[in-house]
């Protein structure tokens, strides 16, 4: 997997015109993807399908942002969900208490998240591997317990009640299902595009170098701590975006959004889809949500079903689905060339 | 915050004895679970996320045996032995396939079994909570020591946990098998080149870890309600314990568990609404100042 | 002529996709001390690991007294009578000297127990006063002694020594040489991998030379001593 | 849980799923509204620690739905229940609720969620305008707070404030009789626990002004070990203890307090004790714990109530829970409303439900009412009594007085700024 990535790195970095071309291609793909998604309501009246895509946007942004840490930088965070929760709560609280226009709340939430992520990140990113995972988990639990304890402000375990007001802004009414759907799609595509740009930028290659050999990276004059902190904050911002989409969808924020299980789900999504391709987490998101939605329809013993599926991925494929497919293609191409 | 209550307690021997023993009780039971976790991590380098399930099974096995036989001793035995067998099977059949793989893969396998085990318990014993009941031998008046209250059952509990700690500590440092286990933690390749089946050692350690968690579950069964998913909060707490104490360190698990027990017993006096947060705060402080935990060694 | 204790036949070993050994074959008879000589990276260690089951061969076989042991797990191979002393010694640094020995203790393949700890201390008098010392604090030479002693505790029918002289002061190397001669005199069968030819010339009975993963020469030790060409071509530093 | 009903439901949901695909593309609302059966969606918690909430709620609903269907259904349409697990996660509850309406074509919702889940489903009801009856959440603000109020949502659940008023006056009477001045509280640290405890002490002090709270403990929800809390209370040496722990937490607490012999040292008022889920589970139930009724088949002491409890037990081989009667009542309300409106349309049902009084085995006087102004259940049997270790567990229950409840509730609402 790393070889694959490294191979692409070699192919791309020196040729800057190639990188520019790639960027145009990415933008083009993003525009087409958005056009397809946004025109979906014209073809189907299924609100459930639109709901599904909205949820995919929320989780997809969140899971892909985690992959910036796990897949690209080698930072396995067990507490990434705190930023999902922060996004949902920040946005919900600002809308409920201040009644500002939605874009203002959006930007303000990102700013708050950036500050908190910078503080937590500054403490966490100097730790390695499992210890980094534990400290992020500890911070997540601390934030979760704070949300529960500070009931007068956060509503405690009952969450933000009474709905999040969604005033119309420039003709966009997020209380309207279709508007909310298109807005979510736009956020998803913009977020993914931005993360893609980060991943393919020189900074993105710096991250990969840190992942593969931090000592060498710092030997080459890279400030590893600073790079890690930067990506930690960036990933937090996209996670918060996911949280905001979720808050808009359920019209509320709940402490479960900041619980460690949500981080666990994101990790699970990444493993399911694969961490060595950019779209792996997106594939994982769709897979997990589909799986969850269908299995809960048939049985209340979904734990067993989900468990068996996980075992299939962990013990059978031993990697995420998109990784598996990518490797399979790579192998096939190789043997094809051999012939 | 209620610092007066805390200060008041610290100046009264009765309160000091009662709260200290209550911290010990919480701590020792937690130690039994955490020491298995830390042992498995130390030797197999695997963070056993399904450890809470063994605690749960221990409690359910004990309850089932107690209902069947009416014997408390058999109930404890069933809890410990049943989970030991379960641990052995779990390790040999599933976990052994992901050694050396990505940590996340190992976590995923464990997570899968957390889901599966919880549902299995739900299918066998139903979703409602159960209670094993206190054996009549322990339905006696609590003892009064220096004005503090100590129930006899908890003395037994602390005793069993202490014995387990001593046997484990002595076993690992004094017996040949203990020495082999510690050697395998360090260098499994060399151990196997000396003619020792490391697979068996791994299975054995996992079984031992599972058994300790199962024993904790069995010991807790008379005083805690049984429900699918009951292992979860215990897992999180023993996780905190091992992280504070240092992953892989048995002494660390003991100290960490006792510290946590005492934080809870005295924290509930001083900070009744933030006892939980206090634990996480403590963990953050320890990790930030010493990332490997109090007694942890730098990863080799 | 006594039977071959170990026969290595046509081994191919790969690390990942790169092939390290190409059809390696050798045999050691009862009571022999066989030196496997070659430059750094020639494939000596890999041969040892392949025999021990730590680097499973893709092709070829290893047989111990006629029974094929290649493909077995290392601990089965060890129980069958092979005792391995790895090149970096790999003592257990947090255990005491005696604990290291105790961990190595096992009966031989025929249930023999020729190396009780008392005899170990007789043969390795240096170790006895250090028995409660933490092994990680021993000197390199002491660690090498301990590693050999630990393996002997398992009563091997064949002792595999990988670079026992590596990184040790000449005086210590000399002492280890004496020890190995002593083992030979009591009839132990030994396969020793070395790049230090001079160390081996004095104690081995036979020699096999490996280069670039292939066996290039095999003969009695005296013959090798006489063959300047081979020595210069494959073994000169 | 190996009873025949489970496959029955999943077969139904299988069919629902197969139909769902076709449904979404077929003519949506009108076609479905005229369908012969009416689907009622029910998001609830069927897995995890409080799975009993969902299963016992579902049991009761199915029991009642069978009766309604046998009697001709809702305005001539057979009811088809679609019960789905939310795992206790609010975002799942919202998702499931939306899916039930949007994909499965459910026209009504029974919300079997606790705490935050019910608020999430409430928002869905607000968004989709579908008729929704909350059947499990006791959080007072769900209906008392006018900001929460929507015309299409009702609550068919006992309420913390009612409990506290009855409990406070009951406890005050005992306090005065026995001279219990020093009180301690021990309740789970979440909204229900804090609110209910606060309200209980408020009314206790109102009826018995010389009472003093000398110690408060707030264990976490689902905390496995209460030792430090038990010992803390023992240190404080109160004469009486109030707790609104429930379910497994309450039984754990009792088991652990038992071995400290706590129950001999103080009067204990545990509002959630008199529920079979707790009563039958605790092996060494101490005598004389004061409790509010949850579901108990001997209170109200009517043949209807006893018969209902027995029918439930006969069908599911266990006693109903507090959630069971609430869910059963919700179905009874729907049936009666459909009869009155002669329609199963959500809007018309909502109109009729406002202020509707129906005959009900769980009513204080044989009837219960869906109060018109705040859409919440009143008039249900509510009272306090003391426990004994075997059946009937709570031999005598002193019924609360609804007139007092209404007066004090109105006052409480005013103090909260709700009216």
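We did not get these values from a lab; they are worked out from the coordinates using the rules stated. The model shown is predicted, which means the values in this text are computed figures rather than measured ones. Neighbour counts are summed over all protein chains in view; Cβ atoms, including those assigned to glycine, are modelled from backbone coordinates with ideal geometry.
Exposure proxy check: D:249, C:12, D:85 ranked by fewest other beta carbons within 10 Å?
Details: D:249 28, C:12 16, D:85 24.
Going from least to most buried by this count: C:12, D:85, D:249.
Taking springs between alpha-carbon atoms closer than 10 angstrom, which of A:163, A:303, A:71 fluctuates most in the Gaussian network model of chain A?
Residue with maximal mean-square fluctuation among A:163, A:303, A:71: A:303.
Go from 0 up to the bin containing the longest alpha carbon distance in the stretch C:48-168, width 10 Å each, and give me the % of pairs per bin.
Result returned by the calculation: 14, 43, 32, 10, 1.
Any idea how far the Cα center of the stretch D:44-110 sits from the one of the stretch A:208-235, in Å?
Taking the Cα centre of the stretch A:208-235 as reference, the centre of the stretch D:44-110 is 51 Å away.
What does the structure give for D:230-239 when I average, per residue, the other chain Cβ atoms found within 10 Å of the residue Cβ? Mind showing how you got there, number by number?
Details: counts 4, 16, 11, 0, 8, 12, 5, 1, 0, 0.
Averaged over the peptide's residues, the number is 6.
With each label point set 7 Å from Cα along the Cα-Cβ vector, what nm distance links residue D:354 and residue A:186?
A separation of 3.8 nm, rounded to one decimal place.
If you line up the Cα atoms of chain C on their principal axes, what length do they span on each, largest first, in Å?
Extents along the principal axes, in whole Å: 46, 40, 37.
From the helices alone, meaning DSSP H stretches of at least four residues, give me the mean residue ellipticity at 222 nm for chain B, per-run term -39500 (n - 2.57), in deg cm²/dmol to the nearest 500.
Details: 12 runs with 218 residues, N = 300.
For chain B, the value works out to -24500 deg cm²/dmol.
In deg cm²/dmol, rounded to 500, what helix-only [θ] at 222 nm does chain A give when every DSSP H run of at least 4 residues adds -39500 (n - 2.57) and the total is split over its residues? Walk me through the numbers before you get to the answer.
Working: 15 runs with 255 residues, N = 339.
Using -39500 (n - 2.57) per qualifying helix, the result is -25000 deg cm²/dmol.
Considering chain D as a Gaussian network with a 10 Å cut-off on Cα pairs, which listed residue, D:283, D:182, D:354, attains the greatest mean-square fluctuation?
Of D:283, D:182, D:354, the Gaussian network model singles out D:283 as fluctuating most.
How shielded is B:259-268 by partner chains, expressed as the average number of their Cβ atoms within 10 Å of its Cβ atoms? List each step's numbers first, then the result.
On the way: counts 0, 0, 3, 1, 1, 6, 5, 2, 1, 9.
Counting Cβ atoms of other protein chains within 10 Å of each residue's Cβ and averaging gives 3.
Please give the helix A:202-212 orientation as an angle from the longest Cα principal axis of chain A, in degrees from 0 to 90, rounded to the nearest 10.
Roughly 70 degrees, rounded to the nearest 10.
Using R₀ = 22 Å, calculate the FRET efficiency as 1/(1 + (r/R₀)^6) where r is the Cβ-Cβ separation of residue D:214 and residue D:177; round to 0.05. Intermediate results must be reported in sequence, preceding the final value.
Numbers: r = 20 Å, r/R0 = 0.91.
That pair, residue D:214 with residue D:177, gives E of 0.65.
Rounded, prolate or oblate: which one fits the protein assembly as shown, using the alpha carbon gyration tensor with axes a ≥ b ≥ c (rounded when a/c is under 1.5, else prolate when a/b beats b/c, else oblate)? Before the final figure, lay out the partial values.
Details: a/c = 2.39, a/b = 1.65, b/c = 1.45.
Because a/c hits 1.5 or more and a/b exceeds b/c, the protein assembly as shown counts as prolate.
Give me A:154, A:299, C:47 sorted ascending by neighbouring Cβ count inside 10 Å, so fewest comes first. The partial results should precede the final answer.
Numbers: A:154 21, A:299 18, C:47 30.
Least crowded to most crowded, the residues run A:299, A:154, C:47.
Just B:263, B:124, B:196 to compare: in a GNM of chain B, with alpha carbon springs under 10 Å, which one fluctuates most?
B:124
Quick check on packing: order B:242-254, B:75-87, D:208-220 by the mean number of other C-beta atoms within 10 Å, highest mean leading.
On the way: B:242-254: 25.3, B:75-87: 23.6, D:208-220: 18.3.
Peptide ranking by packing, descending: B:242-254, B:75-87, D:208-220.
Mean residue ellipticity at 222 nm from the helices of chain C, using -39,500 (n - 2.57) per DSSP H segment of n ≥ 4 over the full residue count, to the nearest 500 deg cm²/dmol?
Details: 8 runs with 70 residues, N = 237.
Per the formula, -8000 deg cm²/dmol.
Counting other beta carbons within 10 Å of each residue's own, what order do C:94, D:138 fall into, fewest first?
On the way: C:94 14, D:138 25.
The order, fewest Cβ neighbours first, is C:94, D:138.
Rounded, prolate or oblate: pick one for the stretch A:20-259, where a ≥ b ≥ c are the square roots of the eigenvalues of its C-alpha gyration tensor, a/c under 1.5 means rounded, and failing that, prolate if a/b is larger than b/c, else oblate. List each step's numbers first, then the result.
Values: a/c = 2.27, a/b = 1.24, b/c = 1.83.
Here the stretch A:20-259 falls in the oblate category.
Working from Cα positions, state the angle (0 to 90°, nearest 10) between the long axis of helix A:129-149 and the longest principal axis of chain A.
That helix lies at roughly 10 degrees to the long axis.
Cα gyration tensor of the stretch B:105-245, axes a ≥ b ≥ c as square roots of the eigenvalues: rounded (a/c below 1.5), prolate (a/b > b/c) or oblate?
Values: a/c = 2.52, a/b = 1.37, b/c = 1.85.
Oblate.
Run the simple label-point estimate for residue D:284 and residue D:78 please: 7 Å along Cα→C-beta, distance reported in nm.
5.3 nm
Applying 1/(1 + (r/R0)^6) with R0 = 41 Å to the Cβ-Cβ distance of residue B:136 and residue B:177, what FRET efficiency is obtained, to the nearest 0.05?
Values: r = 38 Å, r/R0 = 0.94.
FRET efficiency, residue B:136 to residue B:177: 0.60.
Determine the percent antiparallel among the DSSP beta bridges restricted to the protein assembly as shown, to the nearest 5. Each step should come with its number before you reach the end.
Numbers: 41 of 91 bridges.
Percent antiparallel among DSSP bridges in the protein assembly as shown is about 45.
Working from Cα positions, state the angle (0 to 90°, nearest 10) between the long axis of helix B:275-289 and the longest principal axis of chain B.
50 degrees
Jot down the radius of gyration and Dmax of chain D, Cα atoms only, both in angstrom.
Expressed in Å, the Cα Rg and Dmax of chain D come to 21.4, 70.
Subtract the Cα-Cα distance of residue C:15 and residue C:205 from 0.36 nm times their separation in residues, and report this length gain in nm to one decimal. Show your work: numbers first, answer last.
Details: separation 190, 0.36 × 190 = 68.40 nm, distance 3.14 nm.
So the extension gain works out to 65.3 nm.
Pop a pseudo-label 7 angstrom from the Cα along the beta-carbon direction at both residue C:227 and residue A:115 and give the gap in nm to one decimal.
8.0 nm
Assuming R0 = 60 Å, what is the FRET efficiency of residue A:39 and residue A:122, from their Cβ-Cβ distance, to the nearest 0.05?
On the way: r = 44 Å, r/R0 = 0.73.
The calculated FRET efficiency here is 0.85.
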